[in-house]
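Down below is the structure, laid out as structure tokens.
The values are calculated or read from the model by the stated rules, or taken from the named source; none is laboratory data. Being a predicted model, the structure only gives us computed values, none of them experimental. Here Cβ is always computed from backbone atoms with ideal geometry, including for glycine, and neighbour counts include all displayed protein chains. In case anyone asks, the SASA skips ligands and DNA or RNA and just uses the protein heavy atoms, side chains included. Shrake-Rupley method; radii C 1.70, N 1.55, O 1.52, S 1.80 Å.
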Amino acid sequence: MPARGRIPVENIYYLLAYAWDCLDEADLVSVRPEADMSLVELFARVLEGGVTHLLKRGLDRAYVTESAELAGVRGRIEMGASVKHLSFSRARAWCSYDELSIDTPANRIILTTLRRLAAERSMDGRSAESLRDLCRRMPGVTPMVLSDGDFRRVRVTSNRSTYRFILDVCELVHRNLLVSETSGDMVFRDFTRDDRQMAQLFEAFLLRFYEREQRTFSVSAPTLRWDAEGDATALALLPTMRTDLVLESPTRTIVLDAKYYAEALTQRFDKTSIRSGHLYQLASYMRHLALTRAAGTVEGMLVYPRVTESVSVDLTIHGQRVRVVTVDLSRRWWEVREALVATVQS
């Protein structure tokens, strides 16, 4: 078993697959993370398996606007370009037309990511060559300079969910694959050390996990309305009150707040206590959510995924149940899964 507090690569893979709502696609790629595998090697294996699957099925095609000088007329004549290149005098014309092509934004993102990841300095030689071989199997797709906006603009049809999974992997690689200022090499940043990325990942993971792994509760992440009065200008200044996760059944409502902190408890003047800010925030969610529930009873739960100590606190505050629990993500995946399911059943 890995050292306590270190999240195994296999569990990172599951966190991502659930968070992206691509668990079936992750199983289709059929990557079995090994204990000593690095994150960059994991994503190389995922892309290798996923892109190989796409190539067997055939890459998506779409109509792409092309521009060329032609002997005849096709599509729309580009007058400016035709005059500039003296095309008319040679019985030719520059035309813009739509061509069914594999050179789509999605395929270009995938190709570019494969090329960049193959150049990562710690990449195993065999894996790097496999990625480059996949690039050679994508003739007609051109590389591009990637930006964050490219991932937001790309569109994937619902019946090609494997594409969505692979593009999610590509986006994660894009965000964390950096150029070393000293050597100029491509270096993959260990995003598990980035608390912001991991907090977002854990929150998204819990939502999809409970949607999929239990049938007792309906699952949502509602935005709550403030119990406040005032003019429109004043009310507009109130911050958005968006919950991480709310689980509802005919008999229970649980507000779950995910906190990605190394310590579930804090210490001040030799006194160990629950983090006050987290508890106040949870209490506010519970109070506002109770206003819309006939019974008025709402439970609250703070969940900490990465800790140095195991914590399980069960309290009743103002007649409402409040729990503080930890989930040890360094354990084997089936143990993590069982612990998370049991947490909302007790």
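Work out the length of the dipole vector of the stretch 204-257 about its Cα centre, built from +1 on the beta-carbon of each Lys and Arg and -1 on the beta-carbon of each Asp and Glu, and round it to the nearest 20 debye.
With only Lys, Arg, Asp and Glu charged at Cβ, the dipole is about 300 debye.
Summarising the strand pairing of the chain, around 75 percent of its internal DSSP beta bridges are antiparallel.
Set the Förster radius R0 to 25 Å, insert the Cβ-Cβ distance between THR233 and ARG287 as r into 1/(1 + (r/R0)^6), and round the FRET efficiency to 0.05. Kindly include the intermediate steps, with their values, before the conclusion.
Working: r = 25 Å, r/R0 = 0.99.
Result of the calculation: an efficiency of 0.50.
In a simple Cβ point-charge model (Lys, Arg +1; Asp, Glu -1; nothing else charged), the stretch 191-346 has a dipole of about 200 debye relative to its Cα centre. Which percent of the accessible area of the chain is formed by carbon and sulfur heavy atoms (probe 1.4 angstrom)? Within the chain, the accessible surface is 50 percent carbon and sulfur.
Cα centroids of the stretch 109-165 and the stretch 217-263: 38 Å apart. Summed over the residues of the chain and divided among them, the accessible surface reaches 54 Å² per residue at a probe radius of 1.4 Å. Note on the chain: with a GNM built from Cα contacts shorter than 10 Å, the maximum mean-square fluctuation among ARG164, ARG196, ARG152 falls on ARG152. State log₁₀ I(q)/I(0) for the stretch 59-201 at q = 0.11 Å⁻¹ as given by the Debye formula over alpha-carbon point scatterers of equal weight, solvent excluded. Each listed q maps to, in turn, -0.58.
Compared with the dominant principal axis of the Cα atoms in the chain, helix 161-176 is inclined by about 80°. The angle between the Cα long axis of helix 9-19 and the main principal axis of the chain comes to about 90°, on a 0 to 90 degree scale.
Less than 13 Å Cβ to Cβ from ASP133, Lys/Arg counted +1 and Asp/Glu -1: what total charge do the surrounding residues give?
Working: positive: ARG115, ARG126, ARG132, ARG136, ARG137; negative: GLU48, GLU129.
Cβ neighbours under 13 Å give a net charge of +3.
Using Cα springs under 10 Å in a Gaussian network model of the chain, which residue among GLN214, GLN200, GLN267 shows the largest mean-square fluctuation? Per the Cα network of the chain with a 10 Å cutoff, GLN267 tops the list.
Taking the longest Cα principal axis of the chain as reference, the axis of helix 333-345 is set at about 50 degrees.
From the P(r) of the stretch 135-177, can you give the percent of Cα pairs sitting at distances over 17 Å? Numbers along the way, then the final one.
Numbers: 385 of 903 pairs.
Result: 43 percent of Cα pairs exceed 17 Å.
Phi angles across the stretch 243-250 convert, under the Karplus curve 6.51 cos²θ - 1.76 cosθ + 1.60 with θ = phi - 60°, into 3J(HN,Hα) values of 6, 6, 6, 10, 10, 10, 10, x Hz, Gly and Pro given as x.
Extension gain for the segment ASP133 to ASP328, taken as residue separation times 0.36 nm less the Cα-Cα distance, is 66.3 nm to one decimal.
Bridging of LYS84 to aspartates and glutamates at a Cα separation below 19 Å is possible for GLU66, GLU69, once same-chain residues fewer than 8 apart are set aside. Of all aspartates and glutamates in the structure, not one has an alpha carbon short of 14 Å from that of LYS271, not counting any fewer than 8 places away in one chain.
Just report the Cα centroid separation between the stretch 185-199 and the stretch 38-102, whole Å. Between the Cα centre of the stretch 185-199 and that of the stretch 38-102, the gap is 34 Å.
Above 22 angstrom, tally the Cα pairs of the stretch 219-346 and express them as a % of all pairs, no decimals.
Values: 3390 of 8128 pairs.
For the stretch 219-346, the fraction of Cα-Cα distances above 22 Å is 42 percent.
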